[in-house]
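Here the structure comes first, spelled out in structure tokens, and everything after it is commentary.
Derivation of every value follows stated rules applied to the coordinates shown; laboratory data play no part. Nothing here was measured: the structure is a model prediction, and the numbers come from that model. As a convention, Cβ positions derive from the backbone with ideal geometry for all residues, glycine included, and neighbour counts pool all protein chains shown.
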Amino acid sequence: MTSIQDLDVERARAETPGCADVVHFNNAGSALPPAVVLDTVLGHLREEAHSGGYEATAAASEKLDAVYASVARLLNAEADDIAITENATRSWQAVFYSFPFGPGDRILTSQAEYASNVISFLQLKRRTGVTVEVIGDDESGQLDVAELRRRVADDVKLIAVSHVPTQGGLVNPAEEIGEVAEQAGIPFLLDACQSAGQLDLDVRRLKCDALSATGRKYLRGPRGTGFLYVRPELRARLEPAMLDLHSASWVSPGEYTVDPTARRFEVWERNTALVLGLGAAVDYALEWGLPAIDARVSALASTLRERLGELPGVQVHDQGARKCGIVTFSLEGTPAADVKRALAAARINTSVSSSTSAQFDFTARKLPNLVRASAHYYNTEDEIDLLVREVAKL
């Protein structure tokens with residue numbers, strides 16, 4: 001078993017400028033970028049300032065192509081299967097709103113599903129009459145795969161699940177969900193917003209037809225970046241809800257053709273510096289190795305759960321057969337927002353998860369607002385000690 005010390009933490013911290021300023025346990029919100037990401041973004045912005053935006057992008061064309069190859073390597077996919085977007089929500093929506101849903105079609109999702117996704121489900125329910133069904137949890141707190149299998153039928157048009165929800169430390173059984181979807185011939189859309197960069201993702205093993213992710217969280221990329229994987233067989237059936245002169249070509253006054261690659265889900269205008277920064281972040285993660293990152297993040301989070309659980313009045317609310325780097329807890333008699341403020345005063349970054357982010361889960365479990373402390377591989381056991389001591393003072 002990989003120990004908590006098996007990754008070169010000193011090097012990781014030396015290459016992360018923010019480690020000198022804060023104790024950062026808000027990696028599920030936006031992780032501290034490594035120096036190579038910062039240098040890549042600033043370097044291209046300087047090039048734009050000196051040579052012009054279009055000219056700098058043209059000069060960086062080979063580097064931009066390499067970003068697609070890097071994301072494909074991260075996911076064990078092909079470069080043509082990858083679209084680069086502004087964020088995970090834009091990625092997810094680009095494929096979701098392409099499905100031709102109609103009255104009576106069913107969408108199956110998880111109890112821990114994220115607000116943005118569910119709001120889209122509910123909007124389509126109003127517009128088209130689709131039915132949205134929530135698959136319950138099993139005894140461990142993860143999506144009940146047996147129930148999912150029982151609920152599958154010909155009128156199910158999509159299975160859409162968050163791999164790692166925003167709250168609760170859970171890792172949903174995506175590979176088993178993918179097996180069910182593949183056997184039933186139902187498209188499987190996996191929201192990997194929180195898992196990309198902390199878990200080793202392989203779209204062939206996951207058997208997902210589409211996968212959306214962000215750059216700013218565990219991948220440690222810049223804000224305003226995301227990516228989308230779409231299996232060739234699925235994208236051949238989908239025309240995006242919105243097109244422009246990048247995702248399609250105007251071939252005659254009355255005709256257009258859609259790009260055959262996943263770039264059909266992109267738009268022309270984007271921030272080149274940030275895209276290059278995303279590529280640098282993906283390459284940096286691949287250099288460390290996702291199995292090593294996963295092992296260290298999981299070990300740190302397990303230690304943090306154990307230490308917090310020993311404090312009087314603290315309740316850890318994480319669940320699932322497998323848990324990730326996200327740790328959620330509450331302190332009896334102290335609102336989560338007050339805990340967050342007290343930790344921030346000690347230069348410790350955390351965040352708050354509330355029911356507005358995950359109504360199904362918070363309602364079913366009768367959860368209060370939760371403090372979310374999310375670990376990354378550059379965090380240390382000393383930082384865990386500091387966070388626990390500060391919570392103990394409250």
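Of the helices (runs of 4 or more DSSP H) lying entirely inside the range 1-88, those containing at least 2 residues that are in contact with a Gly (Cβ under 9 Å, 6 or more places away or on another chain) span 35-51, 61-75. Within the option set 342, 358, being touching a residue at least 24 places away in the same chain (Cβ under 8 Å) and within 24 Å of the chain's Cα centre (by Cα) holds for one residue only, 358. Please verify whether residue 280 is farther than 30 Å from residue 158 by Cβ and touching a helix residue (DSSP H, G or I) at 6+ places or on another chain (Cβ under 7 Å), treating the condition exactly as stated. For residue 280, the condition - farther than 30 Å from residue 158 by Cβ and touching a helix residue (DSSP H, G or I) at 6+ places or on another chain (Cβ under 7 Å) - is met. Out of the residues in the range 331-357 meeting the condition of being hydroxyl-bearing (Ser, Thr, Tyr) and over 16 Å from residue 379 (Cβ atoms), tell me which one is surrounded by the most Cβ atoms within 10 Å (Cβ to Cβ). The qualifying residue surrounded by the most Cβ atoms within 10 Å (Cβ to Cβ) is 353. When 81, 39 are screened for being surrounded by fewer than 21 Cβ atoms within 10 Å (Cβ to Cβ) and acidic (Asp, Glu), only 39 passes.
Table: residues versus (1) among the charged types (D, E, K, R); (2) outside any helix (DSSP H, G or I); (3) over 25 Å from the mean Cα position of the chain (by Cα).
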| residue | (1), (2), (3) |
| --- | --- |
| 321 | no, yes, no |
| 327 | no, yes, no |
| 337 | no, no, no |
| 384 | no, no, no |
| 391 | no, no, yes |
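Only residues that are outside any helix (DSSP H, G or I), in contact (Cβ under 8 Å) with a residue 40 or more places away in the chain and small (Gly, Ala, Ser) were counted across the range 107-158, and they come to 5. Residues in the range 172-186 that are surrounded by fewer than 24 Cβ atoms within 10 Å (Cβ to Cβ) and not small (Gly, Ala, Ser): 173, 175, 176, 179, 180, 182, 183, 186.
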